[in-house]
Amino acid sequence: MAVNASAVKELRERTGAGMLDCKKALEEANGDVTKAAELLREKGLSAAASKAGRAATEGAVESYIHAGGRIGVLVEVNCETDFVGKTDQFKDFVRDVAMQIAAANPKYVTREEVPTDELEKEKEILKAQALNEGKPEKIIEKMVEGRIGKYYEEYCLMEQTFVKDPDKTISQLLNEKISQIGENISIRRFVRYELGEGLEKKVDNFVEEVMSQVNK
């Protein structure tokens, strides 16, 4: 199929791969930029993939305090050099990550961090739900796997939708920054505090509140 120039440009910005490689990947993915980016990573052609093994021990610890002091976040994001860690582009990315954590309340950075016992417990709950819905047993396993994917999207930072741009995930945002900055970047760890956490209180929509502050 014909591939338009804007899709090639977007894929190059996201992956840092060459123009010809991007064009071929888009043709193979029928114009789907996200799928094309995955194909490039699988082939080791994206800049993010080639930099993934490089040591990232510099960077920054950023804080984000929601208006009124109701939510506080500390996040550590690493890069390869102190020089990059001090650039506005890197700092803006770290601030976006901190804001994401405040708004979306992830529990883990990646799906690999989810404890096995928690994952198995979640699968049992989802299986019981499917059975209660009257679903045939032969399709329940596939249903559970699909719903576990939704669990990752909700609780794993890297798989969450970016609150400032719903068309990309945090993983895609990270890969874009790696390509643009030219260094390996890693979101290492975070902690999030919410006022009154664990106490009985009314439920608020923190995503809307955080975004209202961003858009002012």
Worksheet item: Whole-Hz Karplus ³J(HN,Hα) for segment 64-71, in order, using 6.51 cos²θ - 1.76 cosθ + 1.60 and θ = phi - 60°, x for Gly and Pro?
Response: 9, 10, 5, 3, x, x, 8, 9
Practice prompt. Taking amide H positions as placed in the peptide plane 1.01 Å from N, state which residues far from Asn184 in sequence (5 or more) or on other chains have amide H under 5 Å from it.
Written response: Glu80
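If I take R0 = 25 Å and measure r between the Cβ atoms of Thr87 and Arg54 in this structure, what FRET efficiency does the formula 1/(1 + (r/R0)^6) give, to the nearest 0.05?
For R0 = 25 Å, the calculated efficiency reads 0.90.
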Worksheet item: So what's the net charge close to Val97: Lys and Arg +1, Asp and Glu -1, counting the other residues with Cβ under 14 Å from its Cβ?
Response: +1
Worksheet item: Tally Lys/Arg at +1 and Asp/Glu at -1 over every other residue whose Cβ is under 15 Å from the Cβ of Ile148; what's the total?
Response: -4
Discussion item. Can you compute 3J(HN,Hα) from phi for each residue in segment 98-105, using the Karplus curve 6.51 cos²θ - 1.76 cosθ + 1.60 with θ = phi - 60°, rounded to whole Hz and x for Gly and Pro?
Written reply: 4, 5, 4, 5, 5, 6, 9, 6
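Over 19 Å between Cα atoms: which of Lys121/Lys142; Lys9/Lys168; Lys23/Lys164; Lys9/Lys177 fall into that group?
Values: Lys121/Lys142 17 Å; Lys9/Lys168 16 Å; Lys23/Lys164 28 Å; Lys9/Lys177 15 Å.
Where the Cα-Cα span goes over 19 Å, the pairs concerned are Lys23/Lys164.
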Practice prompt. Quick one: net charge around Glu62, please, counting Lys, Arg +1 and Asp, Glu -1 for every other residue with C-beta under 15 Å from its C-beta.
Written response: +2
Worksheet item: Hey, what number do you get for the chain at 222 nm if only DSSP H runs of n ≥ 4 count, each worth -39500 (n - 2.57), divided across all residues, to the nearest 500?
Response: -16000 deg cm²/dmol
Item to complete: Return a whole-number percent for the relative contact order of the chain, with Cα pairs under 8 Å and 6 or more residues apart as the contact set.
Response: 26 percent
Item to complete: Pull out a ≥ b ≥ c, the square roots of the eigenvalues of the alpha-carbon gyration tensor of the chain, then state rounded if a/c is under 1.5, prolate if not and a/b is larger than b/c, and oblate in the remaining case.
Response: oblate
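All of the numbers you see were taken from the coordinates with simple rules; none came from a lab. Remember, it's a predicted structure, so these values are computed and weren't measured experimentally. Don't worry about glycine lacking a Cβ; one is built from the backbone with ideal geometry, like all the others, and counts go over all protein chains shown.
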